Amino acid sequence: MKRSLPLLVCTLLAGSSVVAKERSTFKYTAPPDGERPVIVDAVIGPQGSDFALRLRFDKAPWGEECKNRCANATLLIDADNSKQTGLRLAQGAAGNGADLAIIIQGVREYATEGGGAQNWLRVKVRLLGSEASSVDDGELLAELNHRHDTDRIQSEDKTVYLLIDTTNAAIPSGRKARVVYQPPGGKPIQATVTGLIGGGGTHGVRIFKDGNWGRAPQANP
């Protein structure tokens with residue numbers, strides 16, 4: 001079951017000492033009849049050598065509430081904002097050039113001998129090279145879950161907080177990065193964010209600081 005967080009932080013820093021009002025990277029209005037939870041509000045940006053993400057879903061992304069129809073959402077990050085590297089889809093596809101795929105899944109598994117269902121939140125991170133023509137072609141860099149990787153993944157109610165390690169030498173970097181989200185049945189959403197070498201130390205998303213998670217008042221309006 002979902003654990004409560006000791007602290008939660010998700011703010012945007014306008015400078016080294018001034019905290020600015022949080023601004024969403026993108027928002028999406030979910031259809032009322034959607035079968036699975038979808039991302040409706042995201043804040044994404046660099047935090048040191050990581051990409052930090054605060055993702056709010058329209059309903060609980062994992063657990064008893066969604067049972068077998070939990071979240072299965074994919075975010076693409078074009079880390080250098082260049083279509084010369086990364087994923088190769090059909091011409092004109094929004095995901096072209098994506099270097100990372102972040103797959104957020106609510107998992108439900110039944111015990112083989114009469115036990116109850118086990119629920120957890122899982123996140124897979126795939127590296128998308130120029131030879132990749134689909135997300136599945138990417139190299140698996142990390143597989144995280146909320147039970148064992150609490151320094152990288154946390155959740156509270158409908159919100160998921162992530163830190164994605166980008167220290168792999170094969171991940172390109174730039175001053176700007178592009179985020180792509182494809183809602184089920186909807187048009188792809190694209191947004192530009194500060195890149196890994198674009199001054200993220202003072203202007204990045206801060207969801208994890210000094211060894212503690214914490215929450216700003218804006219994180220769960």
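The values are calculated or read from the model by the stated rules, or taken from the named source; none is laboratory data. Worth saying up front: this structure is predicted, and the values here are computed from it rather than measured. A quick note on method: Cβ atoms are made from the backbone with ideal geometry, for glycine too, and the neighbour counts reach across all protein chains shown. SASA here: full protein model, heavy atoms, side chains in, ligands and nucleic acids out. Shrake-Rupley method; radii C 1.70, N 1.55, O 1.52, S 1.80 Å.
The table for this structure:
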quantity: Some residue of the range 195-202 being open to solvent by 10 Å² or more (accessible area, probe 1.4 Å), among the hydrophobic types (A, V, I, L, M, F, W, C), over 18 Å from the mean Cα position of the chain (by Cα) and within 30 Å of ASP33 (Cα to Cα); calculated: no
quantity: Failed item, numbered, when ALA73 is tested on (1) assigned to a strand (DSSP E or B); (2) over 16 Å from LEU141 (Cα atoms); (3) at pLDDT below 95; calculated: (3)
quantity: Residue count, the range 149-177 (criterion: open to solvent by 20 Å² or more (accessible area, probe 1.4 Å) and not β-branched (Val, Ile, Thr)); calculated: 14
quantity: Some residue of the range 103-123 being without any contact (Cβ under 8 Å) to a residue 60 or more places away in the chain, farther than 24 Å from ALA60 by Cα and either touching a strand residue (DSSP E or B) at 6+ places or on another chain (Cβ under 9 Å) or aromatic (Phe, Trp, Tyr) (or both); calculated: no
quantity: Given (1) of a type outside the set (Gly, Ala, Ser); (2) surrounded by fewer than 18 Cβ atoms within 10 Å (Cβ to Cβ); (3) under 30 Å from GLN84 (Cβ atoms), number of the condition ARG126 does not satisfy; calculated: (2)
quantity: Output for the range 141-194, where each listed residue is closer than 14 Å to ASN81 by Cβ and small (Gly, Ala, Ser); calculated: SER173, GLY174, ALA177, ALA191
quantity: Residues that are in a loop (DSSP other than H, G, I, E, B) and crowded, with 19+ Cβ neighbours inside 10 Å, drawn from the range 37-57; calculated: PRO37, VAL38
quantity: Subset tally (residues that are out of contact with any Pro (no Cβ under 7 Å at 6 or more places or on another chain) and among the acidic types (Asp, Glu)) for the range 71-102; calculated: 1
quantity: Within the range 90-104, tally of residues that are of a type in the set (A, V, I, L, M), part of a loop (DSSP other than H, G, I, E, B) and closer than 24 Å to ALA42 by Cα; calculated: 3
quantity: Of all residues in the range 9-36 being of a type in the set (A, V, I, L, M, F, W, C) and either in a loop (DSSP other than H, G, I, E, B) or surrounded by fewer than 17 Cβ atoms within 10 Å (Cβ to Cβ) (or both), the one that is modelled with the lowest pLDDT; calculated: ALA14
